[in-house]
Amino acid sequence: MKWPVTSGAETTTPAAPSASTADPYAVCATDPGAAPAAGLDGIPRQRPLAVESAHVAVAVRAPAVAESAPAASERAPAAAGSARPLPAPLRRVRPWRLFPTPTGTPFTFGYAVVLAVTSLIAEYADPDLVDRVLQASSTDVAHLAQSPVRVLVASALWIAGGLTSAYVIAFLLVLTALERRIGGWRTAGVFLLGHGLATLATEMPVGLSVLAGHLPESSLHRYDYGISFGVATSVGALAGLLRPWLRWTVLAVFGWMVLGDLIAFTDPMTNWGHTMALAIGMATWPLLRRVSSRTTTGTRETPRTARACP
């Protein structure tokens, strides 16, 4: 048993703090250089408390050292013969973001899955069945007069030309980029807006020409389906959100394709529809730029909170 130290007439015994009043974070301030506390008398082979204090101090200093390591590595010059770091613009390039993902672009991803299924059906199902389904989904004048909403939606579930069409790649790249900038609901609205308006703008003249006697009545039942009008509108809308050099490059390339088809005059109504759909997408620039600006600057990054020392 350890006897208290007496000095004069008064006995002094240092009082140990109680468990209820002790600071739970006092260990964070432990000085590793302080003298070790005395152990219990009469118990051999006790572990020196100085070792425990040193371990606690090392554990406390470890996060600070780990956090300062990246900064030190950034300040340190590159070793001879080591690879030079990529420039900041190249480090931000992530190729996998060019294509849709279930979490990042759910609208484009889900729509692409539906189009893949319908394309496989059109490729491998019974031809007579496919012909009847496509005829029922056609946005011709007769169907638009009877059930416009149903055929406008149904016609957008098929790809004219199947999975080998160039509009498949354009759909994936353009709608993914557009959805990452303005969101899924707005992307769906832009796509359906161009799909619907361009379809009506091309079919209404057909109906008027039939009434005037310039076209035969069979023109009221022609095949008209696919995603090309919606894709053309999305291209025009996305161009307004890009940098100027990339914006005019995209418009020049796609516009040249559209004008080339129009000059070839193989399917004038559809080709005129692509031109009008591109113009509809460009008309949405003022609105989409405001939406994109709010989406980009309206989010605030949550600051990191420091963890309390246990």
Original post:
What list of ³J(HN,Hα) values in whole Hz, one per residue of segment 134-140 in order, does the Karplus curve 6.51 cos²θ - 1.76 cosθ + 1.60 (θ = phi - 60°) give from phi, with Gly and Pro shown as x?
Top reply: 5, 5, 5, 8, 6, 8, 7
Original post:
How far apart, in nm, are the 7 Å Cα→Cβ label points at A136 and Y124?
Top reply: 2.2 nm
Original post:
Just the accessible area for R132, please: 1.4 Å probe, Å², rounded to the nearest 10?
Top reply: 150 Å²
Subject >> Vicinal HN-Hα couplings computed from phi for segment 197-213 (Karplus, 6.51 cos²θ - 1.76 cosθ + 1.60; Hz; Gly/Pro x) >> reply: 5, 5, 5, 5, 5, 8, 8, 4, x, 5, x, 5, 5, 5, 5, 7, x
**OP:** State to the nearest 20 debye the size of the charge dipole of segment 178-248 about its Cα centre, where the only charges are +1 on K and R beta carbons and -1 on D and E beta carbons.
**Re:** 540 debye
**OP:** Among the chymotrypsin sites (Phe, Trp or Tyr not before Pro) in segment 197-273, which ones are in a DSSP loop with at most 14 other Cβ atoms within 10 Å of the Cβ? Mind listing them?
**Re:** Y223, F265
Original post:
Using a 1.4 Å probe on the protein chains only, how many percent of the accessible area of segment 135-250 belongs to carbon and sulfur?
Top reply: 70 percent
**OP:** Among T266, V253, P205, flag the residue with its Cα farthest along the positive direction of the charge dipole of segment 140-272, charges on Cβ as +1 for Lys/Arg and -1 for Asp/Glu.
**Re:** V253
Subject >> Under-5 Å amide H pairs with L215, H placed in peptide plane, nonlocal only >> reply: V210
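The values are calculated or read from the model by the stated rules, or taken from the named source; none is laboratory data. Just so you know, these numbers come straight off a predicted model, no measurement behind them. Neighbour counts are summed over all protein chains in view; Cβ atoms, including those assigned to glycine, are modelled from backbone coordinates with ideal geometry. Surface areas here come from the heavy atoms of the whole protein model, side chains and all, with no ligands, DNA or RNA. Shrake-Rupley method; radii C 1.70, N 1.55, O 1.52, S 1.80 Å.
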